[in-house]
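Below is one structure; the comments refer to it alone.
The values are calculated or read from the model by the stated rules, or taken from the named source; none is laboratory data. Just so you know, these numbers come straight off a predicted model, no measurement behind them. Here the Cβ positions follow ideal geometry from the backbone for every residue, glycine too, while neighbour counts run over all protein chains shown.
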DNA sequence: CGTTGCTAGTTGTAAGATACACCTAGATGT
DNA sequence: ACATCTAGGTGTATCTTACAACTAGCAACG
């Protein structure tokens, strides 16, 4: 659910600001799951979300469903109702091309940010400052 | 500015949820800067923040000042007015013991999260899913 | 002496995000 | 009839963020 574009960096490269807030990383995790699984639906995604989650923070169903809707509005995923299967109807999602691209952007952002965080962690753990 | 304690993990270990939201990582960056510099004040911190920042997102003065206040309320930093130096008075901050500990907690969180993000990045960049 | 510009800290607030509770409904079991 | 599991969803108080605006000390310039 990033903002349309980053007001400072435009669309030059996927920057953290263009990604908007981090939303507990729900968005990238959902994109990844859909990429690897081909397709899935909210309830199923929420069941196995913990395996993919980047943090140990619980991701709520409400947030998950709303994120899926937002991803669809932005054209990153598409959905169709599955009324064949037993039980309540499922809204089945899959990635669009745009969504695949967006996942790659996330990968780039994550790579850089992850590196920065590891560096921070090492630096902060040093018993002496650099002063 | 984490919530008092994580409702799920209590205080067992520094978890992402106990850290609350990520606040553009202002909090850990400020703690780090104060650790390495010994002491500093808002305006000076904001000038060199970019060198320490984990993301390319601009950190606003307002957020910075408010974060410093919150850190003080939580006992992570302490402050004193410097009225000696020329110009407007400066509120000079330094880390408390609690703040040093908190920085180490951040380091642990960052280390784990950074690792998870790097792994995510590699996984997401693969052209084929694992399905 | 008044205006501009830099340093320094702070407040106000609209818009956006999160957490928690709650709701509808299909199907299955007892 | 009623509970339980699956499945999707809404309402909203509270928290966070982004942007703008403000006060005030001091110095230089004309």
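If the Cβ limit is 8 Å and pairs must be 6+ apart or interchain, which residue in the stretch B:48-67 that is closer than 11 Å to residue B:26 by Cβ and touching a residue at least 12 places away in the same chain (Cβ under 8 Å) pairs with which residue that is in a loop (DSSP other than H, G, I, E, B) and near DNA strand D (Cβ under 10 Å from one of its atoms)?
Every condition considered, the pairs that remain are B:49/B:59; B:53/B:59; B:55/A:16; B:55/A:17; B:57/A:16; B:57/A:17; B:67/B:1.
What are the residues in the stretch A:72-82 that are within 13 Å of DNA strand C (Cβ to nearest atom) and in contact with a strand residue (DSSP E or B) (Cβ under 8 Å, 6 or more places away or on another chain), if any?
If the condition is that a residue be within 13 Å of DNA strand C (Cβ to nearest atom) and in contact with a strand residue (DSSP E or B) (Cβ under 8 Å, 6 or more places away or on another chain), then A:81, A:82 are the ones that fit.
Are there helices (runs of 4 or more DSSP H) fully within the stretch A:30-131 with at least 2 residues that are crowded, with 18+ Cβ neighbours inside 10 Å and within 13 Å of chain B (Cβ to nearest Cβ)? List them.
Fully inside the stretch A:30-131 and qualifying: A:97-125.
Looking only at the stretch A:80-92, which residues are more than 8 Å from DNA strand D (Cβ to nearest atom) and within 21 Å of the chain's Cα centre (by Cα)?
A:80
Among the residues of the stretch A:42-58, is any near DNA strand D (Cβ under 9 Å from one of its atoms), in contact with a strand residue (DSSP E or B) (Cβ under 6 Å, 6 or more places away or on another chain), modelled with pLDDT of 90 or more and under 21 Å from residue A:97 (Cα atoms)?
No, because not a single residue in the stretch A:42-58 is near DNA strand D (Cβ under 9 Å from one of its atoms), in contact with a strand residue (DSSP E or B) (Cβ under 6 Å, 6 or more places away or on another chain), modelled with pLDDT of 90 or more and under 21 Å from residue A:97 (Cα atoms).
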